[in-house]
1. How many residues are assigned to a loop (DSSP other than H, G, I, E, B) and either under 13 Å from the mean Cα position of the chain (by Cα) or exposed (fewer than 10 other Cβ atoms within 10 Å of the Cβ) (or both) when one looks only at segment 19-44?
2. Within segment 11-18, does at least one residue satisfy the condition of being modelled with pLDDT of 90 or more, in a strand (DSSP E or B), small (Gly, Ala, Ser) and surrounded by 15 or more Cβ atoms within 10 Å (Cβ to Cβ)?
3. Restricting the first residue to segment 5-26 and requiring it to be without any contact (Cβ under 8 Å) to a residue 60 or more places away in the chain and of a type outside the set (Asp, Glu), which pairs with a second residue that is assigned to a strand (DSSP E or B) and exposed (fewer than 15 other Cβ atoms within 10 Å of the Cβ) meet a Cβ separation below 8 Å and a spacing of at least six or different chains?
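The values are calculated or read from the model by the stated rules, or taken from the named source; none is laboratory data. Computed from a prediction, not measured in an experiment: that's the story for all the values here. Cβ atoms come from the backbone with ideal geometry, glycine included; neighbour counts cover every protein chain shown.
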Amino acid sequence: MFEFKVVELLPEGKAIEQLKAKGYVDKYRALGQPIHLIGVEFSRESRNIVGLEVEHV
């Protein structure tokens, strides 16, 4: 699952946090397959990736 966030300058870690908080992954748990959460944060100012997190559930 991917979550993309736009931040000001520095990574905030909010993309992965949102995937967990909103429970987006819950409906896929019953499939019994590996689930990968990928959070990408883009800087509004530099228009580039400033944060990338990957977590395996």
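1. 8
2. no
3. Listed by first residue and then by second, the contacts come to 15/4; 16/55.
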